[in-house]
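*Asks:* Take this structure first; my questions come after.
The values are calculated or read from the model by the stated rules, or taken from the named source; none is laboratory data. Please read these numbers as outputs of a predicted model, since none were measured by experiment. So basically every Cβ, Gly included, is an ideal-geometry build from the backbone, and we count neighbours across all protein chains shown. Protein only, heavy atoms only, side chains kept; ligands, DNA and RNA dropped before computing areas. Shrake-Rupley method; radii C 1.70, N 1.55, O 1.52, S 1.80 Å.
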Amino acid sequence: TGALSFLLLGFCAGLTAGFAVKTAQRFGAGDENGMRESFAAGFLLTAAFTVVLTAVSVPAVGGILRLIQTPVEIYDDATVYIVIVFAGLAASMFFNFFSNIIRALGDSRTPLVVLAAACVINVVLDFVLILYAHMGVAGAAVATVFSQAVAAVVCLIHIFIRLPFLRLKRTDWRVDRSVLKQHLFLGFPMGFQMSIIAIGQIVLQFALNQLGAVSVAAYAAAQKIDSLAVQPMMSFGITMATYAAQNYGAQKMQRIRSGVNQCIAVSVGFSFLIAAVNIFAGKPLTELFVGAGETEVIRLSWVYLVSNGIFYFLLALLFIYRSTLQGLGDGVTTTVAGVMELFMRIVAALVMAEIFGFLGASLSNPMAWAGALIPLMFSYYRKIRRLTAVSADGRL
(Lines give C-alpha, C1' and ligand atoms only; values in the text may rest on other atoms or scores of the structure.)
Protein backbone atom coordinates (compact mmCIF):
# COMPACT_ATOMS: atom_id res chain seq x y z
CA THR A 1 0.00 0.00 0.00
CA GLY A 2 3.02 2.30 0.08
CA ALA A 3 2.55 3.87 -3.34
CA LEU A 4 -1.24 4.09 -2.94
CA SER A 5 -0.87 5.77 0.44
CA PHE A 6 1.67 8.22 -0.94
CA LEU A 7 -0.69 9.04 -3.82
CA LEU A 8 -3.04 10.74 -1.38
CA LEU A 9 -0.84 11.66 1.57
CA GLY A 10 1.88 12.99 -0.71
CA PHE A 11 -0.66 15.17 -2.50
CA CYS A 12 -1.83 16.50 0.86
CA ALA A 13 1.71 17.25 2.02
CA GLY A 14 2.53 19.08 -1.21
CA LEU A 15 -0.76 20.94 -1.24
CA THR A 16 -0.40 22.30 2.30
CA ALA A 17 3.26 23.17 1.68
CA GLY A 18 2.08 25.25 -1.27
CA PHE A 19 -0.46 27.07 0.88
CA ALA A 20 2.36 27.98 3.30
CA VAL A 21 4.50 29.45 0.48
CA LYS A 22 2.26 32.52 0.37
CA THR A 23 2.52 32.82 4.15
CA ALA A 24 6.32 32.68 3.90
CA GLN A 25 6.32 35.40 1.23
CA ARG A 26 4.22 37.67 3.47
CA PHE A 27 6.54 36.86 6.39
CA GLY A 28 9.54 37.94 4.32
CA ALA A 29 7.76 41.18 3.49
CA GLY A 30 6.92 41.81 7.18
CA ASP A 31 3.17 41.86 6.44
CA GLU A 32 1.28 40.55 9.51
CA ASN A 33 -2.15 41.15 7.99
CA GLY A 34 -1.05 39.23 4.91
CA MET A 35 0.23 36.37 7.05
CA ARG A 36 -3.08 36.14 8.91
CA GLU A 37 -5.04 36.30 5.65
CA SER A 38 -2.87 33.53 4.19
CA PHE A 39 -3.30 31.38 7.31
CA ALA A 40 -7.10 31.70 7.11
CA ALA A 41 -7.15 30.91 3.39
CA GLY A 42 -4.92 27.87 3.85
CA PHE A 43 -7.00 26.59 6.77
CA LEU A 44 -10.26 26.84 4.81
CA LEU A 45 -8.77 25.14 1.76
CA THR A 46 -7.20 22.40 3.90
CA ALA A 47 -10.58 21.69 5.51
CA ALA A 48 -12.36 21.63 2.14
CA PHE A 49 -9.83 19.28 0.53
CA THR A 50 -9.95 17.00 3.58
CA VAL A 51 -13.69 16.50 3.25
CA VAL A 52 -13.62 15.90 -0.50
CA LEU A 53 -10.57 13.63 -0.57
CA THR A 54 -11.79 11.50 2.33
CA ALA A 55 -15.20 11.05 0.71
CA VAL A 56 -13.63 10.04 -2.62
CA SER A 57 -10.69 7.91 -1.48
CA VAL A 58 -12.24 5.53 1.05
CA PRO A 59 -14.81 3.95 -1.34
CA ALA A 60 -12.19 3.70 -4.11
CA VAL A 61 -9.66 1.61 -2.17
CA GLY A 62 -10.88 -1.85 -3.19
CA GLY A 63 -11.06 -1.02 -6.88
CA ILE A 64 -7.56 0.49 -6.94
CA LEU A 65 -6.01 -2.46 -5.12
CA ARG A 66 -7.59 -4.83 -7.64
CA LEU A 67 -6.51 -2.61 -10.53
CA ILE A 68 -2.85 -2.84 -9.58
CA GLN A 69 -3.29 -6.61 -9.11
CA THR A 70 -2.50 -6.78 -5.41
CA PRO A 71 -1.65 -10.41 -4.55
CA VAL A 72 -4.70 -12.26 -3.17
CA GLU A 73 -2.92 -13.37 0.00
CA ILE A 74 -2.38 -9.77 1.16
CA TYR A 75 -5.46 -8.10 -0.35
CA ASP A 76 -7.62 -8.13 2.83
CA ASP A 77 -4.88 -6.75 5.07
CA ALA A 78 -3.99 -4.11 2.49
CA THR A 79 -7.63 -3.01 2.31
CA VAL A 80 -8.01 -2.73 6.09
CA TYR A 81 -4.80 -0.74 6.46
CA ILE A 82 -5.36 1.78 3.70
CA VAL A 83 -9.06 2.36 4.51
CA ILE A 84 -8.16 3.34 8.07
CA VAL A 85 -5.35 5.62 6.89
CA PHE A 86 -7.60 7.34 4.34
CA ALA A 87 -10.48 7.64 6.83
CA GLY A 88 -8.08 9.47 9.16
CA LEU A 89 -6.86 11.81 6.44
CA ALA A 90 -7.78 14.90 8.49
CA ALA A 91 -4.98 14.14 10.96
CA SER A 92 -2.32 14.10 8.24
CA MET A 93 -3.76 17.11 6.41
CA PHE A 94 -3.85 19.42 9.40
CA PHE A 95 -0.53 18.27 10.83
CA ASN A 96 1.13 19.05 7.50
CA PHE A 97 -0.65 22.38 7.21
CA PHE A 98 0.14 23.59 10.74
CA SER A 99 3.77 22.40 10.60
CA ASN A 100 4.27 24.06 7.21
CA ILE A 101 2.87 27.34 8.57
CA ILE A 102 5.29 27.20 11.50
CA ARG A 103 8.21 26.56 9.11
CA ALA A 104 7.03 29.40 6.87
CA LEU A 105 7.52 31.78 9.80
CA GLY A 106 11.14 30.74 10.26
CA ASP A 107 10.81 28.00 12.91
CA SER A 108 11.87 24.59 11.59
CA ARG A 109 12.80 23.23 15.03
CA THR A 110 9.31 22.96 16.52
CA PRO A 111 7.83 20.82 13.68
CA LEU A 112 10.87 18.54 13.95
CA VAL A 113 10.40 18.06 17.70
CA VAL A 114 6.68 17.44 17.28
CA LEU A 115 7.27 14.96 14.45
CA ALA A 116 9.88 13.11 16.51
CA ALA A 117 7.45 12.84 19.42
CA ALA A 118 4.73 11.62 17.05
CA CYS A 119 7.08 8.94 15.72
CA VAL A 120 7.73 7.72 19.26
CA ILE A 121 3.97 7.58 19.93
CA ASN A 122 3.49 5.70 16.66
CA VAL A 123 6.15 3.11 17.49
CA VAL A 124 4.85 2.53 21.04
CA LEU A 125 1.28 2.15 19.78
CA ASP A 126 2.48 -0.28 17.09
CA PHE A 127 3.76 -2.60 19.80
CA VAL A 128 0.72 -2.14 22.03
CA LEU A 129 -1.98 -2.50 19.37
CA ILE A 130 -0.33 -5.26 17.30
CA LEU A 131 1.33 -7.42 19.93
CA TYR A 132 -0.93 -6.92 22.96
CA ALA A 133 -4.31 -5.80 21.60
CA HIS A 134 -3.91 -8.26 18.68
CA MET A 135 -5.32 -5.77 16.15
CA GLY A 136 -2.92 -6.82 13.42
CA VAL A 137 -2.55 -4.53 10.43
CA ALA A 138 -5.46 -2.39 11.67
CA GLY A 139 -3.41 -1.61 14.78
CA ALA A 140 -0.57 -0.25 12.67
CA ALA A 141 -2.96 2.02 10.78
CA VAL A 142 -4.66 3.28 13.94
CA ALA A 143 -1.26 4.03 15.48
CA THR A 144 -0.29 6.09 12.44
CA VAL A 145 -3.49 8.13 12.38
CA PHE A 146 -3.56 8.72 16.14
CA SER A 147 0.05 9.91 16.28
CA GLN A 148 -0.56 12.35 13.43
CA ALA A 149 -3.69 13.67 15.15
CA VAL A 150 -1.71 14.32 18.34
CA ALA A 151 0.96 16.12 16.30
CA ALA A 152 -1.66 18.29 14.60
CA VAL A 153 -3.19 19.34 17.93
CA VAL A 154 0.22 20.15 19.43
CA CYS A 155 1.15 22.29 16.42
CA LEU A 156 -2.16 24.18 16.65
CA ILE A 157 -1.60 24.84 20.35
CA HIS A 158 1.90 26.11 19.56
CA ILE A 159 0.53 28.49 16.94
CA PHE A 160 -2.13 29.80 19.35
CA ILE A 161 0.34 30.39 22.20
CA ARG A 162 3.61 31.33 20.47
CA LEU A 163 2.28 33.07 17.35
CA PRO A 164 -0.47 35.36 18.67
CA PHE A 165 -0.50 37.48 15.50
CA LEU A 166 -2.02 34.44 13.72
CA ARG A 167 -5.04 34.26 16.03
CA LEU A 168 -7.92 34.69 13.63
CA LYS A 169 -10.82 37.02 14.27
CA ARG A 170 -14.29 36.64 12.80
CA THR A 171 -13.48 39.09 10.00
CA ASP A 172 -10.37 37.10 9.02
CA TRP A 173 -12.54 34.19 7.89
CA ARG A 174 -14.05 36.33 5.11
CA VAL A 175 -11.28 35.49 2.68
CA ASP A 176 -11.45 37.07 -0.74
CA ARG A 177 -11.90 34.66 -3.63
CA SER A 178 -8.77 35.99 -5.35
CA VAL A 179 -6.70 35.10 -2.27
CA LEU A 180 -8.05 31.55 -2.34
CA LYS A 181 -7.10 31.32 -6.01
CA GLN A 182 -3.56 32.49 -5.25
CA HIS A 183 -3.16 29.76 -2.66
CA LEU A 184 -4.58 27.13 -5.00
CA PHE A 185 -2.18 28.27 -7.73
CA LEU A 186 0.73 27.65 -5.36
CA GLY A 187 -0.62 24.59 -3.58
CA PHE A 188 -2.11 22.51 -6.35
CA PRO A 189 1.07 22.17 -8.48
CA MET A 190 3.03 21.06 -5.40
CA GLY A 191 0.36 18.52 -4.51
CA PHE A 192 0.09 17.41 -8.12
CA GLN A 193 3.85 16.93 -8.22
CA MET A 194 3.71 14.55 -5.27
CA SER A 195 0.79 12.67 -6.83
CA ILE A 196 2.70 12.30 -10.07
CA ILE A 197 5.52 10.62 -8.15
CA ALA A 198 2.99 8.33 -6.48
CA ILE A 199 1.27 7.43 -9.76
CA GLY A 200 4.64 6.46 -11.17
CA GLN A 201 5.27 4.31 -8.11
CA ILE A 202 1.88 2.63 -8.54
CA VAL A 203 2.75 1.80 -12.15
CA LEU A 204 6.08 0.47 -10.92
CA GLN A 205 4.25 -1.60 -8.30
CA PHE A 206 2.04 -2.99 -11.08
CA ALA A 207 5.13 -3.99 -13.08
CA LEU A 208 6.68 -5.61 -10.03
CA ASN A 209 3.48 -7.53 -9.29
CA GLN A 210 3.92 -9.19 -12.68
CA LEU A 211 7.39 -10.36 -11.64
CA GLY A 212 6.07 -12.29 -8.64
CA ALA A 213 5.91 -12.22 -4.85
CA VAL A 214 9.70 -12.29 -4.38
CA SER A 215 10.12 -9.10 -6.41
CA VAL A 216 7.27 -7.46 -4.49
CA ALA A 217 8.87 -8.40 -1.17
CA ALA A 218 12.29 -7.15 -2.31
CA TYR A 219 10.85 -3.85 -3.47
CA ALA A 220 8.90 -3.40 -0.24
CA ALA A 221 12.01 -4.01 1.88
CA ALA A 222 14.19 -1.76 -0.29
CA GLN A 223 11.57 1.00 -0.16
CA LYS A 224 11.79 1.13 3.64
CA ILE A 225 15.53 1.76 3.44
CA ASP A 226 15.23 4.02 0.40
CA SER A 227 12.56 6.22 2.02
CA LEU A 228 14.85 6.83 4.98
CA ALA A 229 17.81 7.51 2.70
CA VAL A 230 16.06 10.20 0.66
CA GLN A 231 14.35 12.00 3.57
CA PRO A 232 17.27 14.37 4.24
CA MET A 233 17.44 15.31 0.56
CA MET A 234 13.69 15.83 0.50
CA SER A 235 13.97 17.99 3.62
CA PHE A 236 16.59 20.19 1.97
CA GLY A 237 14.14 20.67 -0.88
CA ILE A 238 11.23 21.57 1.41
CA THR A 239 13.52 24.02 3.21
CA MET A 240 14.38 25.75 -0.06
CA ALA A 241 10.70 26.33 -0.86
CA THR A 242 10.28 28.27 2.39
CA TYR A 243 13.69 29.92 2.15
CA ALA A 244 13.10 31.11 -1.41
CA ALA A 245 9.59 32.36 -0.58
CA GLN A 246 10.79 34.33 2.47
CA ASN A 247 13.62 35.99 0.56
CA TYR A 248 11.42 36.60 -2.46
CA GLY A 249 9.03 38.48 -0.20
CA ALA A 250 11.97 40.45 1.23
CA GLN A 251 13.30 41.07 -2.33
CA LYS A 252 16.70 39.50 -1.52
CA MET A 253 17.34 37.66 -4.78
CA GLN A 254 21.09 37.29 -4.42
CA ARG A 255 20.49 35.56 -1.08
CA ILE A 256 18.28 33.01 -2.87
CA ARG A 257 21.07 32.27 -5.36
CA SER A 258 23.63 31.83 -2.56
CA GLY A 259 21.27 29.64 -0.55
CA VAL A 260 20.62 27.37 -3.51
CA ASN A 261 24.35 26.93 -4.19
CA GLN A 262 25.08 26.13 -0.55
CA CYS A 263 22.16 23.72 -0.32
CA ILE A 264 23.34 21.92 -3.48
CA ALA A 265 26.79 21.44 -1.95
CA VAL A 266 25.36 19.96 1.25
CA SER A 267 22.60 17.83 -0.29
CA VAL A 268 24.66 16.42 -3.16
CA GLY A 269 27.48 15.67 -0.72
CA PHE A 270 25.01 13.79 1.45
CA SER A 271 23.69 11.90 -1.59
CA PHE A 272 27.14 10.43 -2.24
CA LEU A 273 27.49 9.44 1.40
CA ILE A 274 24.12 7.69 1.59
CA ALA A 275 24.76 5.99 -1.77
CA ALA A 276 27.84 4.41 -0.22
CA VAL A 277 25.69 3.20 2.69
CA ASN A 278 23.27 1.58 0.23
CA ILE A 279 26.10 -0.16 -1.61
CA PHE A 280 28.05 -1.48 1.37
CA ALA A 281 25.30 -1.93 3.98
CA GLY A 282 22.22 -2.56 1.81
CA LYS A 283 22.17 -6.32 2.31
CA PRO A 284 22.46 -6.38 6.13
CA LEU A 285 19.90 -3.57 6.38
CA THR A 286 17.46 -5.59 4.27
CA GLU A 287 17.97 -8.58 6.55
CA LEU A 288 16.50 -6.53 9.39
CA PHE A 289 13.18 -6.51 7.56
CA VAL A 290 13.01 -9.92 5.91
CA GLY A 291 15.37 -12.18 7.86
CA ALA A 292 18.72 -13.64 6.81
CA GLY A 293 17.12 -16.69 5.17
CA GLU A 294 15.44 -14.75 2.35
CA THR A 295 18.52 -14.71 0.14
CA GLU A 296 16.79 -13.89 -3.17
CA VAL A 297 14.75 -11.09 -1.61
CA ILE A 298 17.94 -9.64 -0.11
CA ARG A 299 19.78 -9.86 -3.43
CA LEU A 300 17.03 -8.11 -5.38
CA SER A 301 16.59 -5.48 -2.70
CA TRP A 302 20.31 -4.71 -2.95
CA VAL A 303 19.98 -4.37 -6.74
CA TYR A 304 17.32 -1.69 -6.19
CA LEU A 305 19.31 0.13 -3.51
CA VAL A 306 22.48 0.26 -5.62
CA SER A 307 20.80 1.17 -8.92
CA ASN A 308 18.96 4.04 -7.22
CA GLY A 309 21.68 5.07 -4.77
CA ILE A 310 24.34 5.87 -7.37
CA PHE A 311 21.91 8.37 -8.92
CA TYR A 312 20.77 10.02 -5.68
CA PHE A 313 22.67 13.18 -6.69
CA LEU A 314 20.08 13.70 -9.44
CA LEU A 315 17.30 13.44 -6.89
CA ALA A 316 19.06 15.91 -4.58
CA LEU A 317 19.24 18.48 -7.40
CA LEU A 318 15.65 17.75 -8.41
CA PHE A 319 14.33 18.49 -4.91
CA ILE A 320 16.27 21.76 -4.63
CA TYR A 321 15.48 23.25 -8.05
CA ARG A 322 11.82 22.21 -7.94
CA SER A 323 11.20 23.54 -4.43
CA THR A 324 13.02 26.80 -5.11
CA LEU A 325 10.87 27.46 -8.17
CA GLN A 326 7.78 26.65 -6.12
CA GLY A 327 8.91 29.15 -3.49
CA LEU A 328 9.24 31.73 -6.25
CA GLY A 329 5.65 31.04 -7.29
CA ASP A 330 6.43 29.16 -10.52
CA GLY A 331 3.84 26.40 -10.66
CA VAL A 332 3.90 25.98 -14.44
CA THR A 333 7.46 24.71 -14.82
CA THR A 334 7.19 22.37 -11.85
CA THR A 335 4.01 20.89 -13.29
CA VAL A 336 5.61 20.37 -16.71
CA ALA A 337 8.59 18.72 -15.04
CA GLY A 338 6.21 16.51 -13.07
CA VAL A 339 4.45 15.36 -16.22
CA MET A 340 7.81 14.56 -17.81
CA GLU A 341 8.83 12.64 -14.70
CA LEU A 342 5.60 10.64 -14.80
CA PHE A 343 6.00 9.82 -18.49
CA MET A 344 9.59 8.69 -18.04
CA ARG A 345 8.77 6.55 -15.00
CA ILE A 346 5.79 4.83 -16.64
CA VAL A 347 7.65 4.04 -19.87
CA ALA A 348 10.73 2.86 -18.01
CA ALA A 349 8.77 0.76 -15.52
CA LEU A 350 6.68 -1.03 -18.12
CA VAL A 351 9.22 -1.36 -20.91
CA MET A 352 12.45 -1.91 -19.00
CA ALA A 353 10.83 -4.28 -16.49
CA GLU A 354 9.70 -6.39 -19.43
CA ILE A 355 13.22 -6.45 -20.89
CA PHE A 356 15.54 -6.44 -17.88
CA GLY A 357 13.23 -7.66 -15.11
CA PHE A 358 13.73 -6.31 -11.61
CA LEU A 359 16.79 -4.23 -12.56
CA GLY A 360 14.84 -2.51 -15.34
CA ALA A 361 11.99 -1.67 -12.97
CA SER A 362 14.47 -0.29 -10.44
CA LEU A 363 16.11 2.00 -13.00
CA SER A 364 12.80 3.69 -13.77
CA ASN A 365 13.36 6.08 -10.84
CA PRO A 366 16.74 7.51 -11.99
CA MET A 367 15.41 7.88 -15.52
CA ALA A 368 12.43 9.85 -14.21
CA TRP A 369 14.67 12.08 -12.08
CA ALA A 370 16.86 12.92 -15.06
CA GLY A 371 13.87 13.71 -17.27
CA ALA A 372 12.33 16.11 -14.73
CA LEU A 373 15.61 17.80 -13.83
CA ILE A 374 16.26 19.23 -17.31
CA PRO A 375 13.36 21.76 -17.47
CA LEU A 376 13.76 22.63 -13.78
CA MET A 377 17.44 23.59 -14.08
CA PHE A 378 16.86 25.57 -17.24
CA SER A 379 13.93 27.47 -15.76
CA TYR A 380 15.62 28.17 -12.41
CA TYR A 381 18.77 29.75 -13.86
CA ARG A 382 16.79 31.81 -16.34
CA LYS A 383 14.40 33.02 -13.64
CA ILE A 384 17.02 33.79 -10.99
CA ARG A 385 19.10 35.81 -13.47
CA ARG A 386 16.06 37.88 -14.39
CA LEU A 387 14.94 38.42 -10.80
CA THR A 388 18.45 39.34 -9.65
CA ALA A 389 18.80 41.88 -12.47
CA VAL A 390 15.37 43.39 -11.82
CA SER A 391 15.97 43.54 -8.07
CA ALA A 392 19.33 45.28 -8.63
CA ASP A 393 17.52 47.95 -10.65
CA GLY A 394 15.04 48.45 -7.79
CA ARG A 395 12.02 47.68 -9.98
CA LEU A 396 10.81 44.40 -8.42
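*Asks:* Name the residues in the stretch 150-170 that are part of a helix (DSSP H, G or I) and open to solvent by less than 40 Å² (accessible area, probe 1.4 Å), would you? Reasoning before the result, please.
*Replies:* Filtering the stretch 150-170 for residues part of a helix (DSSP H, G or I) gives 150-162, 164-166, 170.
Matches in the stretch 150-170: 151, 152, 155, 158, 159, 166.
*Asks:* Let me ask something else. Counting only residues that are over 26 Å from residue 262 (Cβ atoms), of a type in the set (A, V, I, L, M, F, W, C) and free of Cβ contacts under 8 Å to residues at least 40 places away in the same chain, give me the helices (runs of 4 or more DSSP H) lying completely in the stretch 297-396 with at least 3 of them.
*Replies:* Values: elements: 312-327, 331-347, 353-356, 358-362, 364-392.
Qualifying helices (runs of 4 or more DSSP H): 331-347.
*Asks:* Can you confirm whether the stretch 187-209 contains a residue that is without any contact (Cβ under 8 Å) to a residue 60 or more places away in the chain and either under 30 Å from residue 330 (Cβ atoms) or open to solvent by 30 Å² or more (accessible area, probe 1.4 Å) (or both)?
*Replies:* Residues of the stretch 187-209 that are without any contact (Cβ under 8 Å) to a residue 60 or more places away in the chain, as a first pass: none.
No: the stretch 187-209 contains no residue that is without any contact (Cβ under 8 Å) to a residue 60 or more places away in the chain and either under 30 Å from residue 330 (Cβ atoms) or open to solvent by 30 Å² or more (accessible area, probe 1.4 Å) (or both).
*Asks:* Hey, does the stretch 274-296 have a residue that's under 16 Å from residue 381 (Cα atoms), at pLDDT 95 or above and open to solvent by less than 20 Å² (accessible area, probe 1.4 Å)? Before the answer, list the steps.
*Replies:* Narrowing the stretch 274-296 to residues under 16 Å from residue 381 (Cα atoms): none.
No, the stretch 274-296 contains no residue that is under 16 Å from residue 381 (Cα atoms), at pLDDT 95 or above and open to solvent by less than 20 Å² (accessible area, probe 1.4 Å).
*Asks:* Filter the stretch 24-73 down to the residues that are of a type in the set (S, T, N, Q) and open to solvent by less than 70 Å² (accessible area, probe 1.4 Å), then identify the one that is farthest from residue 88 (Cα to Cα). Don't jump to the end; show me each part of the working.
*Replies:* The initial filter retains those residues of the stretch 24-73 that are of a type in the set (S, T, N, Q), namely 25, 33, 38, 46, 50, 54, 57, 69-70.
Filter once more, so that each one left must be open to solvent by less than 70 Å² (accessible area, probe 1.4 Å): 25, 38, 46, 50, 54, 57, 70.
Details: 25: 31, 38: 25, 46: 14, 50: 10, 54: 8, 57: 11, 70: 23 Å.
Restricting to residues being of a type in the set (S, T, N, Q) and open to solvent by less than 70 Å² (accessible area, probe 1.4 Å), the top hit is 25.
*Asks:* Hey, among 14, 88, 18, which residue is farther than 26 Å from residue 338 by Cα and within 20 Å of the chain's Cα centre (by Cα)?
*Replies:* Details: 14 fails: farther than 26 Å from residue 338 by Cα; 18 fails: farther than 26 Å from residue 338 by Cα.
Testing whether each residue is farther than 26 Å from residue 338 by Cα and within 20 Å of the chain's Cα centre (by Cα) leaves just 88.
*Asks:* Given the options 172, 176, name the one that is modelled with pLDDT of 85 or more, within 16 Å of residue 101 (Cβ to Cβ), more than 23 Å from the chain's Cα centre (by Cα) and not hydrophobic (A, V, I, L, M, F, W, C). Give the steps one after another, and end with the answer.
*Replies:* Numbers: 176 fails: within 16 Å of residue 101 (Cβ to Cβ).
Checking each option against the conditions leaves just 172.
*Asks:* Return yes or no: is residue 222 part of a helix (DSSP H, G or I) and at pLDDT 90 or above?
*Replies:* Working: part of a helix (DSSP H, G or I): yes; at pLDDT 90 or above: yes.
Yes, satisfied.
*Asks:* May I ask you to verify whether residue 234 is surrounded by fewer than 20 Cβ atoms within 10 Å (Cβ to Cβ), hydrophobic (A, V, I, L, M, F, W, C) and touching a residue at least 40 places away in the same chain (Cβ under 8 Å)?
*Replies:* When the stated conditions are applied, residue 234 passes them.
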